[in-house]
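Take this structure, written in structure tokens, and hold onto it; I'll ask about it next.
The numbers here are math on the coordinates, done by the rules we state, and not lab data. Remember, predicted model here, so these are calculated numbers, not experimental data. Neighbour counts are summed over all protein chains in view; Cβ atoms, including those assigned to glycine, are modelled from backbone coordinates with ideal geometry.
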Amino acid sequence: MYRLLLIAVILTALSGCGKFIYDHKFYQTREEAFAAAQSDIATKISEVAADPKRRIGGSVLVAIPQRQVIERYGVRKAWGRSRGHVPYVADVLELGFLGMAEVIRNAMLFDRVDVIRPLNSSAVPFDGYDFKLWLTATDLEQWQWLFLKSGFRDALPVARDQSFFGEVKGVDSFNDSIHKAYLEFNSPSVDRGKGSGGR
């Protein structure tokens, strides 16, 4: 499994000193740091533009785990983080995950993008949709986006390009990855299998 590259720049919660950090800048309060994350992520999302060459069309159901799942699997509490830092890290993770849905909306890959917040994103059926895109935890602090076309059995992993981490181009590369997976589903060499995984 691939490790998910978050939409946010690398963030670390420091223990002991009572400060919070986002994008290598220190903040005295959780609220200030989170506001910086919101502004940064919103800016990157707003700069993602539609590209007719990667247009897919149809409808997609995006399943992002509920907050309690993100906090359970997304924060390594054994690293000495204070109680205040654990929810902060979860805040930014959740913000980044939800931001990816906005990234594909801005890119206009699909005609319709619906987002749901289940406990188990892998188990959610997507009857009535052409595609499903979901986020799942593969291990502690490791996440994977999966993309599946209706009528197919096996999902394909999609991810951002690591070489552009923290850049708008890196955020937009998530759309490129989805489009590449879409083309792979349409390839004659792909086995449709019986049924659909994740349905």
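Sorted by mean Cβ packing within 10 Å, highest first, what order do the peptides 66-72, 103-109 take?
Working: 66-72: 16.4, 103-109: 20.1.
Ranking, from highest mean packing down: 103-109, 66-72.
While we're on this one: Please order Thr136, Thr29 by the number of other Cβ within 10 Å, starting at the fewest. Before the final figure, lay out each step's value.
Details: Thr136 22, Thr29 13.
Fewest-to-most Cβ neighbours within 10 Å comes out as Thr29, Thr136.
Which percent of Cα pairs goes in each bin when the distances of the stretch 11-185 are cut into 5 angstrom slices starting at zero?
Bins of 5 Å from zero give 1, 8, 16, 19, 20, 15, 10, 5, 3, 1, 0 percent of pairs.
Please order Arg160, Arg54 by the number of other Cβ within 10 Å, starting at the fewest. Before the final figure, lay out each step's value.
Details: Arg160 25, Arg54 17.
Ordered by Cβ neighbours within 10 Å, fewest first: Arg54, Arg160.
Looking at the stretch 11-185 only, what percent of DSSP beta bridges run antiparallel? Nearest 5 please. The partial results should precede the final answer.
Values: 17 of 26 bridges.
Bridges in the stretch 11-185 are about 65 percent antiparallel.
A follow-up question, please. When a footprinting reagent is the concern and you count Cβ atoms within 10 Å, what order do Leu146, Leu93 take, fewest first? Intermediate results must be reported in sequence, preceding the final value.
Values: Leu146 21, Leu93 24.
Lowest to highest Cβ neighbour count: Leu146, Leu93.
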